[in-house]
Amino acid sequence: MLVTREFKFDAAHHLDGYKGDCQNLHGHSFRFSVTIEGEHLDSLGMLVDFKVIKEVVTRKVINRLDHKYLNHVLPFNPTAENLVVWIFGQLSDDFNNFPVSCLYSIKLWENYPDCYVEYFG
């Protein structure tokens, strides 16, 4: 079974070494989904509580990236590909320590709904 919750944050960045418009400072309304995988439901009939997903993601990702200049808060060139791997890494310890589930994937839209990257750890 897969359980997914979507989130969004607004941030600015530029891409070092890129030849084109994205080398300049610009912003996005990023959207991303967090998908948890598992086979066994708890005594309430849940794989994972949506509220718990929100609490972890807000603490580990949203509070660190929302309305920030990503080049100043992340130690890498903030491409969509690098961001999705970073988000997965921020969340994997929390979700992989749940008793019956684990982090399955992160999907990050840079320009919703047209452009996204998805990472499976």
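The values are calculated or read from the model by the stated rules, or taken from the named source; none is laboratory data. Just so it is clear, the structure is predicted and the values come from calculations on it, not from any experiment. Here Cβ is always computed from backbone atoms with ideal geometry, including for glycine, and neighbour counts include all displayed protein chains.
Give the range 86-114 a look and list any residue that's under 21 Å from residue 71 (Cβ atoms) and touching a Phe, Trp or Tyr at 6+ places or on another chain (Cβ under 6 Å), or say none. Walk me through it before giving the result.
So in the range 86-114, the residues under 21 Å from residue 71 (Cβ atoms) come out as 86-90, 106, 108-111.
If the condition is that a residue be under 21 Å from residue 71 (Cβ atoms) and touching a Phe, Trp or Tyr at 6+ places or on another chain (Cβ under 6 Å), then 88, 106, 108, 109 are the ones that fit.
Starting from the range 63-84, take each residue that is over 12 Å from residue 9 (Cβ atoms) and in contact (Cβ under 8 Å) with a residue 24 or more places away in the chain and list its partners that are among the β-branched types (Val, Ile, Thr) and surrounded by 16 or more Cβ atoms within 10 Å (Cβ to Cβ), counting only C-beta distances under 7 angstrom and pairs at least six apart or across chains.
80/117; 81/117; 84/106; 84/117
In the range 35-54, which residue that is charged (D, E, K, R) and over 17 Å from residue 107 (Cα atoms) is surrounded by the most Cβ atoms within 10 Å (Cβ to Cβ)?
The qualifying residue surrounded by the most Cβ atoms within 10 Å (Cβ to Cβ) is 42.
Can you say whether residue 76 is aromatic (Phe, Trp, Tyr) and either at positive phi or part of a strand (DSSP E or B) (or both), as far as the supplied structure shows?
no
Is one or more of the residues making up the range 34-53 part of a strand (DSSP E or B), touching a residue at least 60 places away in the same chain (Cβ under 8 Å), farther than 21 Å from residue 96 by Cβ and polar (S, T, N, Q)?
Within the range 34-53, none of the residues are part of a strand (DSSP E or B), touching a residue at least 60 places away in the same chain (Cβ under 8 Å), farther than 21 Å from residue 96 by Cβ and polar (S, T, N, Q).
Sort through 15, 103 and tell me the only one that's surrounded by 14 or more Cβ atoms within 10 Å (Cβ to Cβ), more than 19 Å from residue 118 (Cβ to Cβ), at pLDDT 95 or above and not polar (S, T, N, Q).
Testing whether each residue is surrounded by 14 or more Cβ atoms within 10 Å (Cβ to Cβ), more than 19 Å from residue 118 (Cβ to Cβ), at pLDDT 95 or above and not polar (S, T, N, Q) leaves just 15.
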